[in-house]
Amino acid sequence: MLKFLAALFLLSITASLVAEPVPAWLLRLPESTTTVFIAETSTSSFHRFDRTAHGVQEIREDDMSIGQAGTGKQHAGDRRTPLGIYFVTEQLDTSRLHEKYGATAFPLDYPNAWDRRQGRSGDGIWVHGVDANGGVRPPLDTDGCIALPNEQLLELEPFFEPNTTPVLISREIDWVEAEQAAAIRDALESAVAEWAVSLEKGDMFSWLDLYDEAFEHWGMNKAEWSAFSLETFGERAITAVTVSDLLLLGDPVEDGLYLSRFRLEISEGDARKVIAVRRMYWRRSESGAYKIIAEDSG
């Protein structure tokens, strides 16, 4: 049977007690994700939100600079800052880098699976400090990165966890009532659970039905992906599928697009286990159904 731990619904219970508006995109933070950053480009503000016993709460706000050409990165060299959901990949030692990177730097995983799906290219998007002798930076002042004053970035340093901490980059934060966010969260939790249960039962028809007709992965379209999946998962003796550490985020640009990120453990009859971290982009249709439009690992 599918083993969703009791902690899976802990945030759902506490979030329902919060009456104040919440960021529309922070739907569910697991215990492993204590902090989410939102870079709000219209106000040049870098917000820190933490998972607390009372739900997700804003902790602080700092000034930031973004790309000289603004937002909406499409390709290398356009000096624009991308918009979307990204994750910190590592922390860099900037002592041997150009002074403009300041006290430290945290690369982001641009381009992500959705960016690649949209044909966006380029790399080297970081959250970094500033030249200690450069003075106050204007709002549009980088090659596409996010730059914070060194003192503020060093205060935030402990909350950047590689391969865990999300950084959402948006034009403006969308605030909604907690009940509205909870309804979307519940629907996505059910969709992820259905995906896992169908795989565990070997019900490949129901499992593949959760993939959008426009789904693409590894250069394969929906039909090709279906055939590949039937040849792999469909022939395996799966005895259990466990989903844990579920993170749910709304895309800050694409209306009706959501990201689920979770730890997946697949047990097979010969006691073999496959463990991976899976990312899925879900798109809500006009009928309200959630379908997987893209996916990635890590």
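Summed over region 220-251, residues that are of a type outside the set (Ser, Thr, Tyr), within 17 Å of Glu200 (Cα to Cα) and in contact with an Asp or Glu (Cβ under 7 Å, 6 or more places away or on another chain) total 5.
Tallying residues that are crowded, with 19+ Cβ neighbours inside 10 Å, at pLDDT below 90 and touching a Pro at 6+ places or on another chain (Cβ under 9 Å) within region 1-60 yields 2. Every condition in (1) touching a strand residue (DSSP E or B) at 6+ places or on another chain (Cβ under 8 Å); (2) more than 27 Å from Arg51 (Cβ to Cβ) is met by Gly288 except one, and the failing one is (1). Restricting attention to region 39-95, the residues being part of a loop (DSSP other than H, G, I, E, B) and among the aliphatic types (A, V, I, L, M) number 5.
Does region 205-220 contain at least one residue that is at pLDDT below 95, acidic (Asp, Glu), surrounded by fewer than 14 Cβ atoms within 10 Å (Cβ to Cβ) and more than 22 Å from the chain's Cα centre (by Cα)? Checking region 205-220: not a single residue is at pLDDT below 95, acidic (Asp, Glu), surrounded by fewer than 14 Cβ atoms within 10 Å (Cβ to Cβ) and more than 22 Å from the chain's Cα centre (by Cα). Only one of the numbered conditions (1) without any contact (Cβ under 8 Å) to a residue 24 or more places away in the chain; (2) over 16 Å from Asn112 (Cα atoms) is not met by Ile238, and that is (1).
The values are calculated or read from the model by the stated rules, or taken from the named source; none is laboratory data. Keep in mind it's a predicted model, so treat the numbers as computed, not measured. Quick reminder, even Gly has a Cβ in these numbers, built from the backbone with ideal geometry, and neighbours come from all protein chains shown.
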